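Note sheet for the following structure.
The values are calculated or read from the model by the stated rules, or taken from the named source; none is laboratory data. Computed from a prediction, not measured in an experiment: that's the story for all the values here. Because the Cβ atoms are built from the backbone with ideal geometry, glycine has one as well, and the counts that use them run over all protein chains shown. To get the accessible areas, we keep the full protein, side chains included, count just its heavy atoms, and leave off ligands, DNA and RNA. Shrake-Rupley method; radii C 1.70, N 1.55, O 1.52, S 1.80 Å.
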Amino acid sequence: MKNDEHAVTRILVVDDQIDIRTTLRYLLSEKGYVVLDASSPADALLLLKNTSVDLVLTDMNFRKDTTSGQEGLSFVATLGQLYPELTVLVMTAWSTVPLAVQAMQIGARDFIEKPWENHQLYDIIATQLKISKSVSHTTPSLNEDNGIIYQSALFENLMQQIEKVSLSHANVLLTGENGTGKSLLAHHIHQTSPRNEFPFVSVNLGAVPEQLFESELFGHKR
């Protein structure tokens, strides 16, 4: 059962590194949260059998699988099955956009990259707890559109806007933190547009040197 009082909001930190758990326990306790911790998904599941928490903040890579994030993904999926109303945030030092999207597709609410910025960590946790509290009061139904699963009126409004703009030839700028689903939305716009028979070309502009910008986007001849 969740409590409305901030002082008794319980957060479970799951990470195999004791220094990470200790740091997060200190930082989040300073903000008034009650912090529990576990060193593995198995230990976390045992704890959750007897203890109610409001939010789980879990690493994606543990000692059994240090780089792929598969152990973390399996844990997120299990939490979604056993505790569908539980707010889950994932974090990893080996972050990639595909991994972040995959984690959110199976139930994670947001994605945090190590090393984190404290103010960003606080903001994400506070925001997700607020959203969770709002959802628990309104209990809207889940919606799915081309693999995008959502449960809020705000996101429903966003999808309606996307349906309109995808039929036009307007340029679209999607902004947001890593892991919020911008790539998924870009693919969705392409799939629902009159240009869906043409290739969808993704370019990481941050990785393109300035002198190769035109060649990368428009091609070149010797």
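Results, tabulated for the structure shown:
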item	result
Ordering of 53-62, 115-124 by burial proxy (mean other Cβ atoms within 10 Å per residue, highest first)	53-62, 115-124
Cut-off under 5 Å, modelled amide H: who pairs with L36 long-range	I11, L12, V13
Whole-angstrom gap from the stretch 152-222 to the stretch 21-60, using each part's C-alpha centre	37 Å
Accessible area of the stretch 9-80 belonging to carbon and sulfur atoms, whole % at 1.4 Å probe	50 percent
Mean accessible surface per residue for the stretch 35-75, computed with a 1.4 Å probe while every protein chain stays in place, in Å²	44 Å²
The stretch 144-222: GluC sites (Glu not before Pro) falling in loop per DSSP and having at most 16 other Cβ within 10 Å	E177, E197
Stretchable slack from Q191 to V203, in nm (0.36 nm times residue separation minus alpha-carbon distance)	2.6 nm
FRET E, pair N50, Q120, Förster distance 41 Å, beta-carbon r, rounded to 0.05	0.80
Under-5 Å amide H pairs with V88, H placed in peptide plane, nonlocal only	V56, R109
Packing-based ranking, highest mean first, of 18-24, 201-207 given that Cβ atoms within 10 Å are counted	18-24, 201-207
Entries in K49/K133; K49/K182; K130/K182 that, when Cα-Cα distance is taken, lie over 25 Å	K49/K182
